[in-house]
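Remarks on the structure that follows.
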Amino acid sequence: MLIVVGLVAGLVTGLSPCVLPVLPGVLASAALPAAGSEAAAPDRRRPLLVVAGLVGAFALVTLTAAWLVAQLHIPSGVLRGIGIGALVLVGLSLLVPPLGRLVEGPFARLGRVQPRRDVSALGFGAMLGLVFVPCAGPVLAAITVVAASQSTSAELLVLTAAFAIGVAVPLTLVAMLGQQAVTRIRGLRRRLPLVRQVAGGILLATGVAIAFGWTDRAALLVPDYVSAAQRSVEDTSVARTALATVTDDDSADASVLGPRTSFNDCEADPSRLANCGPARDFAGIQQWLNTDGPLSVDGLRGKVVLVEFFTFGCINCQRAQPHLNEWNATYGGQGLQVVGVHSPEFDYEKDVGNVREALREQGITYPVAIDNDFRSWREWSQRYWPARYLIDRSGVVRLVHYGEGAYDATERAIQQLLAQPATT
């Protein structure tokens with residue numbers, strides 16, 4: 001079941017808008033002739049190798065980034081920076097032949113042992129894998145959180161492999177179709193230098209766009225057309241049971257606050273207020289932003305509190321963010337306290353400087369807790385980015401919602417709770 005859940009979740013992710021930032025690079029590098037090749041016939045294996053490099057690098061970095069950062073003492077985000085730099089460099093080398101010959105030298109030596117076209121295709125894919133940021137559901141959340149603890153298991157490896165293979169299937173089909181489209185255009189097979197220059201321009205533009213966050217802004221314009229499919233696959237009781245074997249969360253009931261009440265039943269119907277049990281506290285917070293000091297659930301008694309778990313690079317979180325900002329502005333003076341808990345999906349999101357910049361760009365002015373060790377994530381039995389918890393004045397969670405949507409229901413619940421006095 002773990003393999004099935006991982007495969008299907010990967011397939012859905014591979015069809016989601018989150019692949020759009022790397023899709024031009026996949027198409028360009030899959031259609032690119034092998035270095036030094038003047039053959040008219042396309043390399044049929046190239047799309048497979050490009051996508052294999054992409055998902056392989058993505059899976060490897062996701063599993064080992066926390067360990068590498070800890071062991072090598074490298075700053076967060078270095079691996080992503082290497083990927084962006086490589087995309088820009090390769091793009092320039094394809095546009096400028098002398099630079100291309102210089103960059104090609106190491107690959108030529110590798111080609112004596114393995115065909116150079118294989119090394120080239122895998123390398124192109126690996127560069128894209130370093131900057132690939134897929135939309136996160138419970139499957140990717142489980143992989144990320146467990147990997148961040150620098151622990152591993154057979155279940156984690158199986159789930160990661162299944163997810164990567166699932167992502168690879170639609171990307172491979174797109175790459176193969178793109179390669180066929182290019183080879184069918186008359187005259188292009190006789191103008192290979194032009195093909196390389198066009199591919200170089202695409203790779204260069206992709207690297208620059210990712211570096212400046214333009215790809216995220218573009219992805220926000222595309223509706224999330226797979227969210228319903230993702231929830232039907234990853235947010236079922238069968239999937240939760242399978243993922244619990246990875247996260248080692250058998251009961252989700254142990255807490256420093258006493259026995260926990262599962263939030264899943266409350267989340268099933270966000271249109272009504274319910275008793276979802278006591279709010280859990282903010283545990284293991286490295287730093288607080290946009291506030292003079294640390295916050296606690298007990299310290300916020302008397303206020304209506306909206307806790308939002310998010311990570312700044314998540315497209316789903318970015319789509320939900322304007323609603324959080326609007327509620328903060330509208331109801332902040334009436335007794336609502338919005339609190340963000342930033343639990344990073346990827347390594348570069350652990351850098352507090354990057355978080356500060358993202359808060360500024362996204363207009364987030366309410367307090368944000370940095371949860372790099374996922375202690376608050378685990379304390380709240382988290383599984384989703386974004387996830388929303390509405391707490392009444394007495395410290396009881398009254399509404400839970402995972403993912404995008406339910407904005408009108410949440411606002412009505414905020415209004416209801418603000419109108420109610422605190423009870424003991």
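Read-outs throughout are calculated quantities, based only on the coordinates presented, and are distinct from any laboratory measurement. Because the structure is a prediction, the values reported are computed rather than measured. Neighbour counts run over all protein chains shown; Cβ positions are idealised from the backbone, glycine included.
For the stretch 255-418, what does the alpha-carbon gyration tensor say about shape, rounded, prolate or oblate, given a ≥ b ≥ c as the root eigenvalues, a/c under 1.5 as rounded, and a/b over b/c as prolate? Cα axes put the stretch 255-418 in the rounded bin. Around G403, which amide H atoms from residues at least 5 apart in sequence, or from another chain, sit under 5 Å from its own amide H, with H modelled in the peptide plane? Distant-sequence amide H within range of G403: A387, R388. Note that the stretch 386-397 has calculated 3J(HN,Hα) couplings of x, 9, 10, 10, 9, 10, 7, 5, 9, x, 9, 6 Hz, one per residue in order, obtained from phi through the Karplus relation 6.51 cos²θ - 1.76 cosθ + 1.60 (θ = phi - 60°); glycine and proline are x. Among I210, I285, sorting on how many other beta-carbon atoms sit within 10 Å of each Cβ, with the fewest leading, yields I285, I210.
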